[in-house]
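Colleague: Below is one structure. I have some questions about it.
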Amino acid sequence: MRILVTGGAGFIGSALVRHLISDSEHEVLVLDKLTYAGLLSSLEAVSGSNRYQFAQADIADPVAVGEALSRFRPQVIAHLAAESHVDRSIDGPGEFIQTNIVGTFALLQQALGYYRNLPTDEQAAFRFHHISTDEVFGSLDETGLFTETTPYDPRSPYSASKAASDHLVRAWGHTYGLPVLVTNCSNNYGPHHFPEKLIPLIIIRALSGESLPVYGDGSNVRDWLYVEDHARALRAVFERGQPGRTYNVGGNAERRNIDVVKAICAALDRLSPAPSGRSYAEQITFVADRPGHDQRYAIDASRIRDELGWEPQHAFEDGIEATVRWYLQNRDWWQAILDARYATQRLGAA
Ligand code: NAD
Ligand code: TDX
């Protein structure tokens, strides 16, 4: 199949592309604007493949998207392009509205025009797959899990923009007959994770001898999924998922933030002991909480398991160790990002 991957130079998109090139026969066109979070260095492993192409474009640019569609003629659009960082959405929501809502609308319009012009047999095979987040469901207290029928209750500018885009995608399916799929996934982690996110931020700041900022009291809970498990889930859904359907994807690995940070410190203590001989955990600092910080997310992933046979393969402790090893062995990748002063301001709140 030919798969157009929007946001393919990002953390999850690049993991999907690396998976598709190494473990399938699919052809891939990445369409990516290359914002601060889009990195061609994350696609180096596939850049020599004749099944991989790249186009730099904004999903909100109808001419560029239309040209890519008519040239590549995809059977699947896997839509991952988004502004993804919650703290940035609090500091400046405008880009989140523009890309996640307006951009998704523009992409849907192009996809619909393209779909309507396909021959009938190709229409039957076409899928528009929107990759979304569990944050659209809001916040849980100590019990309960998000299912595919949990009502939406987004609470940050980021999650509100993703909720809006989910609604648009489903509306284009329901009203115009576009064969859409939506996946709502929990927190990912693993190689090529952008250094502003909790896990890489802690690894990099620990190695730099800096404080390790934990928001609030560190009791907030996330359900962590190794990014390569997510890539396999996405492939299962666009290859075999039922059009019109939503699939929740999760790691079955709920952890409090403070325990995640301690697990990273323990892995670093084993793999790269600090020159001082002290544990990295001594660098942990509790800082002001994120405004509106959701307490807990947790996913019930039984639908994708029962219908498509997908399950996570990486236990959290193994995934954290693999991730810490990757950041230790790929300093050039993250140092180049730090040197580029990617974000002007954010690399931890302390
Ligand atoms: P990321 O920030 O690492 O990557 C986003 C990519 O989209 C970048 O390559 C960026 O250049 C590109 N992009 C941004 N705006 C664009 C535009 N207007 N046009 C074209 N390309 C654009 O994000 P990620 O963590 O890889 O997340 C990918 C998707 O998965 C997002 O939709 C996100 O909401 C969703 N998601 C992420 C997680 C997670 O834990 N990271 C969990 C669930 C869902
Ligand atoms: O310095 C920090 N200290 C801290 O305590 C940072 C950056 C985060 N945190 C906390 C906030 C969250 O409870 O750690 C948790 C994880 O934070 P992030 O890595 O920013 O992820 P989160 O806000 O949970 O959102 C992520 O998962 C869902 C992705 O960024 C989203 O794109 C995805 O939809």
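The values are calculated or read from the model by the stated rules, or taken from the named source; none is laboratory data. Because the structure is predicted, anything quoted here is derived from the model rather than measured. Cβ atoms come from the backbone with ideal geometry, glycine included; neighbour counts cover every protein chain shown.
Colleague: Which members of segment 153-174 meet the condition of being surrounded by 19 or more Cβ atoms within 10 Å (Cβ to Cβ) and not hydrophobic (A, V, I, L, M, F, W, C)?
Modeller: P154, S156, P157, Y158, S159, S161, K162, S165, D166, G173
Colleague: Condition first: in contact (Cβ under 8 Å) with a residue 40 or more places away in the chain, part of a helix (DSSP H, G or I) and within 18 Å of the chain's Cα centre (by Cα). Can you find one or more residues in segment 19-32 that meet it?
Modeller: The answer is yes, given that some residue of segment 19-32 is in contact (Cβ under 8 Å) with a residue 40 or more places away in the chain, part of a helix (DSSP H, G or I) and within 18 Å of the chain's Cα centre (by Cα).
Colleague: Pairs needed: first member in segment 304-318, within 29 Å of K262 (Cα to Cα) and assigned to a helix (DSSP H, G or I); second member anywhere, modelled with pLDDT of 95 or more and of a type outside the set (D, E, K, R); C-beta distance under 6 Å; at least 6 residues apart or different chains.
Modeller: Qualifying pairs under 6 Å: F316/W224; F316/A253.
Colleague: While we're here: Scan segment 205-220 and give yes if some residue there is within 16 Å of T323 (Cβ to Cβ), within 11 Å of ligand 1 (Cβ to nearest atom) and either in contact with a Phe, Trp or Tyr (Cβ under 7 Å, 6 or more places away or on another chain) or not aliphatic (A, V, I, L, M) (or both), otherwise no.
Modeller: Within segment 205-220, not a single residue is within 16 Å of T323 (Cβ to Cβ), within 11 Å of ligand 1 (Cβ to nearest atom) and either in contact with a Phe, Trp or Tyr (Cβ under 7 Å, 6 or more places away or on another chain) or not aliphatic (A, V, I, L, M) (or both).
Colleague: Within segment 65-79, does at least one residue satisfy the condition of being in a helix (DSSP H, G or I) and polar (S, T, N, Q)?
Modeller: Yes - at least one qualifying residue is present in segment 65-79.
Colleague: If I go through segment 13-28 residue by residue, how many of them are of a type in the set (A, V, I, L, M, F, W, C) and surrounded by fewer than 24 Cβ atoms within 10 Å (Cβ to Cβ)?
Modeller: Residues in segment 13-28 being of a type in the set (A, V, I, L, M, F, W, C) and surrounded by fewer than 24 Cβ atoms within 10 Å (Cβ to Cβ): 1 in total.
Colleague: Is it the case that R270 is surrounded by fewer than 18 Cβ atoms within 10 Å (Cβ to Cβ), more than 16 Å from ligand 1 (Cβ to nearest atom), under 30 Å from I3 (Cα atoms) and not hydroxyl-bearing (S, T, Y)?
Modeller: no
Colleague: What pairs come out if I take residues in segment 50-79 that are touching a residue at least 60 places away in the same chain (Cβ under 8 Å) and pair them with residues that are among the basic types (K, R) and surrounded by 16 or more Cβ atoms within 10 Å (Cβ to Cβ) whose C-beta lies under 8 Å away, six or more apart or interchain?
Modeller: Q75/R127; V76/R127; I77/R127
Colleague: Right, something else. Would you check which residues across segment 101-123 are out of contact with any Phe, Trp or Tyr (no Cβ under 8 Å at 6 or more places or on another chain) and either within 15 Å of S161 (Cβ to Cβ) or without any contact (Cβ under 8 Å) to a residue 40 or more places away in the chain (or both) and list them?
Modeller: I101, V102, G103, T104, F105, A106, L107, R116, N117, P119, T120, D121
Colleague: Those residues that are small (G, A, S) and under 16 Å from Q75 (Cβ atoms), I need them from segment 9-36; list them, please.
Modeller: Result: S24, single match.
Colleague: Looking at (1) within 15 Å of ligand 2 (Cβ to nearest atom); (2) farther than 23 Å from S14 by Cα; (3) in contact with a helix residue (DSSP H, G or I) (Cβ under 8 Å, 6 or more places away or on another chain), which is the only condition Y327 fails?
Modeller: Tallying (1) within 15 Å of ligand 2 (Cβ to nearest atom); (2) farther than 23 Å from S14 by Cα; (3) in contact with a helix residue (DSSP H, G or I) (Cβ under 8 Å, 6 or more places away or on another chain), Y327 fails exactly one: (2).
Colleague: If the requirement is being over 24 Å from D61 (Cβ atoms) and either among the small types (G, A, S) or in contact with a helix residue (DSSP H, G or I) (Cβ under 7 Å, 6 or more places away or on another chain) (or both), which of these qualifies: E142, E148?
Modeller: From the options E142, E148, the qualifying one is E148.
Colleague: Can you work out which of the residues in segment 97-152 that are assigned to a helix (DSSP H, G or I), crowded, with 18+ Cβ neighbours inside 10 Å and polar (S, T, N, Q) is farthest from ligand 1 (Cβ to nearest atom)?
Modeller: Restricting to residues being assigned to a helix (DSSP H, G or I), crowded, with 18+ Cβ neighbours inside 10 Å and polar (S, T, N, Q), the top hit is Q110.
Colleague: For the list (1) away from ligand 2 (no atom under 16 Å from the Cβ); (2) at pLDDT 95 or above; (3) surrounded by fewer than 23 Cβ atoms within 10 Å (Cβ to Cβ), I need the number of the one condition that V237 fails.
Modeller: (3) is the only condition that V237 fails.
Colleague: Is it true that some residue in segment 108-119 is at pLDDT 95 or above and under 20 Å from the mean Cα position of the chain (by Cα)?
Modeller: The answer is yes; a qualifying residue exists.
Colleague: Just to be sure I understand, how many residues within segment 175-227 are of a type outside the set (S, T, N, Q), within 13 Å of ligand 2 (Cβ to nearest atom), surrounded by fewer than 21 Cβ atoms within 10 Å (Cβ to Cβ) and more than 23 Å from the chain's Cα centre (by Cα)?
Modeller: Total meeting the criteria: 3.
Colleague: For segment 244-288, which strands (runs of 3 or more DSSP E) that fit wholly inside it have 1 or more residues that are at pLDDT 95 or above and more than 11 Å from ligand 2 (Cβ to nearest atom)?
Modeller: It comes to 246-249, 254-256.
Colleague: Right, here's the next one. Looking only at segment 240-249, which residues are aromatic (F, W, Y) and surrounded by fewer than 23 Cβ atoms within 10 Å (Cβ to Cβ)?
Modeller: Within segment 240-249, none qualify.
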